Amino acid sequence: MLVRASQYFLPTWKEDPAEAELPSHKLLLRAGMIRKLAAGIYTYLPLCRRVLHKIETIIREEMDAIGGMEITMPVVHPAELWAETGRLQDFGPILGRFRDRAGREMVLGPTHEEVITDIARREIRSWRQLPLMFYQIQTKFRDEPRPRGGLVRAREFTMKDGYSFHESKEDLDQFYRKVYQAYLHIFHRCGLAVVPVEADPGLMGGSESHEFMLPSPYGEDAFIQCENRDYAANLEGAVSPKDEDPPEPLLPLEEVATPGCYTIEAVAQFLGVPTRKTAKAVFYRTPKELVFVVIRGDLEVNEAKLARALGTTELWPAREEEIAAVGAVPGYASPIGIKRDGVKVVVDDSIPKARNLVAGANREGFHLRNVNFPRDFQADLVADVALVRDGDRCPRCGGRLSLLRAIELGHIFKLGTKYSEAMGATFLDREGRPKPLIMGCYGIGVGRLLAAVIEAHHDEEGIVWPANLAPFQVVVSVLDPKRPELLALGEDLAQGLAEAGLEVLLDDRDQSAGEKFHDAKLWGIPVLVVVGPRAAAQNRVELERRRDGEKRAVEARRDPVLCAVRELLAQNG
RNA sequence: CGGAGAGUAGCGCAGCCUGGUUAGCGCGCAUGGUUCGGGACCAUGAGGUCGCCGGUUCGAAUCCGGCCUCUCCGACCA
């Protein structure tokens, strides 16, 4: 296929736009691939559409290969459907809403578990129909509070979402592994070295989940990875064993004056002890009760882990008056001597391993030395609720963990029966008994994936597409298209390449040579064929490879040019 | 939602502090001409409710108040 640049829409910019920070965002704008309509809402221009099409093709091939069937679900859903699972509430303001002319409340789909489960409950009756896997590539809308980085986090975005239905947990487990592998293939084929990490299912619910992360300094997310590569987890789910303090005799409680020491740092400094020899009190509120968390002073509470330990999804920081109501003194709060009714005391598992800690005395201006658990206070729950830090130990091998920024490209979940139970989607099992369908769901952010490919494949001059994703494989640049013989030569060579099955951009625009060279680099097209007067005088054209700038001159005829282009493309990796 | 910054021609910016002719520069765009291998040159020209609303003033891009939008950091986030 052959496209003439003079008749195509390729609005490039010379300068970096003021609104962009990330390389992918700047390059998408400069290369004329996207334009912004509003915060986090973009038009995909022709060059972008071509690349998206290639990414989508890879995704379709991999989904089809594991038995996925492509469908398209509606963008607009009745709000009632979302009320069935409780997510009309849970999603809150993220959900785009409007009323139709009859006054019925509608939502813009941020994801499609409810819709596919509605299909399933109407159509799936027997175990004989299972398993089933559906997927779609479609526009989603989520009114995120902070869109950022162009396509890295948009409010309106393209997503591949897939949903599978199974008769048993075992069948889901087996299929989940297939999807996991298919996802690795997809990212590999896009030229990305992603890391699968263990993740927290969060709002989606379910038992097990993995995120596919591309490490990047510009990532919108982060994860924890072991130096020995045997453990990777997202921040909300990461665990690390706590070190036991060296044995020391348990000393008697002792109250000490610590005027003006409202923070752990201040207390530790005032008393000359390290922060890890202190116990910190942190207060939360759930719909049911006040939660008093006791954690080692050098650690932070991981609210996702705490919520999971409490079996709740709703958790907020407590207000001062709620803290005071149970007899705790903010700034000097202590688990010793508080009212126990209506308070749940959660002790992080760092505390039983520590000895002789400094904790609040529940008295303005005083702390206690030599606090020991469980000698001095009791817990309703002992659990790991700490945020893992850079440098902590790996739970598998004891190696060092590091915190890496990353772009989350995909997320897969074993949903189990959360949606099928809420919505009454059942089937008759082999014994003829009705059972809720067992589900999995699988998402890839397609636009984010495209942005991630640019983050991973660019240089100072522009994008450097992997050959299989490039919008065109070759650009044939006619330096002086006003000369009929040069234009004719360029057209003939471009035609030859196109007839051989390549996607060719013929740059026949009447612009200076420099501008055309710069645009070709900005667009990231793998091979440039230069048709210029200098080489043409010797009946030659010059080829240049985008990735490394390697140049070669070949005879200006179809066959030698095709042959050389193919070689350069093949070595493009 | 908390913090920070920005909004002047299609893009990038200056002018604002210290109010005063017709609001400027570079790029881009249009027309004509000269050029033609790494973001050319000359000439002419088009293009602006200075984000919006209100106030102060003889006079506001400039000072004051309110609002809107966008960007970044954080919180949040399948």
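In the stretch A:398-506, which strands (runs of 3 or more DSSP E) lie fully inside it and hold 3 or more residues that are closer than 30 Å to A:ASP171 by Cβ?
By residue number, A:401-416, A:426-428, A:434-436, A:438-445.
Is it the case that A:ALA222 is modelled with pLDDT of 90 or more and either of a type in the set (Val, Ile, Thr) or under 13 Å from the mean Cα position of the chain (by Cα) (or both)? Judged against the criteria, A:ALA222 is a match. Applying the criterion of being open to solvent by less than 60 Å² (accessible area, probe 1.4 Å) and of a type outside the set (A, V, I, L, M) to the residues of the stretch A:268-286, the residue that is farthest from A:VAL256 (Cα to Cα) is A:THR286. The number of residues in the stretch A:503-519 being away from RNA strand B (no atom under 11 Å from the Cβ) and open to solvent by less than 20 Å² (accessible area, probe 1.4 Å) comes to 4. For A:GLN89, the conditions (1) open to solvent by 50 Å² or more (accessible area, probe 1.4 Å); (2) touching a Pro at 6+ places or on another chain (Cβ under 9 Å) all hold with the exception of (2). Every listed requirement among (1) in the same structural domain as A:TYR180 (by TED's automatic domain parsing); (2) touching a residue at least 24 places away in the same chain (Cβ under 8 Å) is met by A:ARG229 save one, (2).
Screening A:ILE55 against (1) among the hydrophobic types (A, V, I, L, M, F, W, C); (2) within 13 Å of RNA strand B (Cβ to nearest atom); (3) in a helix (DSSP H, G or I) leaves a single unmet condition, (2).
Note on the stretch A:5-22: residues that are away from RNA strand B (no atom under 11 Å from the Cβ) and touching a Phe, Trp or Tyr at 6+ places or on another chain (Cβ under 7 Å) total 0. Do you know which of the residues in the stretch A:533-550 that are in a helix (DSSP H, G or I) and either farther than 21 Å from A:ASP480 by Cα or within 6 Å of RNA strand B (Cβ to nearest atom) (or both) is least open to solvent (accessible area, probe 1.4 Å)? So the residue we want is A:ALA535. Can you go through A:ARG285, A:ARG355 and tell me which one is basic (Lys, Arg) and free of Cβ contacts under 8 Å to residues at least 40 places away in the same chain? Among A:ARG285, A:ARG355, only A:ARG285 is basic (Lys, Arg) and free of Cβ contacts under 8 Å to residues at least 40 places away in the same chain.
Count of the stretch A:155-175 residues, restricted to those that are buried (at least 20 other Cβ atoms within 10 Å of the Cβ) and not in a strand (DSSP E or B), is 4.
A:GLY424 satisfies every condition listed in (1) modelled with pLDDT under 95; (2) farther than 30 Å from A:GLY150 by Cα; (3) not β-branched (Val, Ile, Thr) except (1). Please go through the stretch A:21-41 and pick out each residue that is hydrophobic (A, V, I, L, M, F, W, C), under 20 Å from the mean Cα position of the chain (by Cα) and open to solvent by less than 40 Å² (accessible area, probe 1.4 Å). Within the stretch A:21-41, A:LEU22, A:LEU28, A:ILE41 qualify. Would you call A:VAL179 more than 14 Å from RNA strand B (Cβ to nearest atom), in the same structural domain as A:ASP221 (by TED's automatic domain parsing), buried (at least 18 other Cβ atoms within 10 Å of the Cβ) and β-branched (Val, Ile, Thr)? Answer is no for this residue. Restricting attention to the stretch A:135-154, the residues that are more than 23 Å from A:ALA65 (Cβ to Cβ) and in a strand (DSSP E or B) add up to 5.
The values are calculated or read from the model by the stated rules, or taken from the named source; none is laboratory data. If you're wondering where the values come from, they're calculated on a predicted model, not measured in any experiment. FYI the Cβ positions are ideal-geometry reconstructions off the backbone, even for glycines, and counts take in every protein chain you see. What goes into the accessible areas is simple: the full protein's heavy atoms, side chains included, and nothing from ligands, DNA or RNA. Shrake-Rupley method; radii C 1.70, N 1.55, O 1.52, S 1.80 Å.
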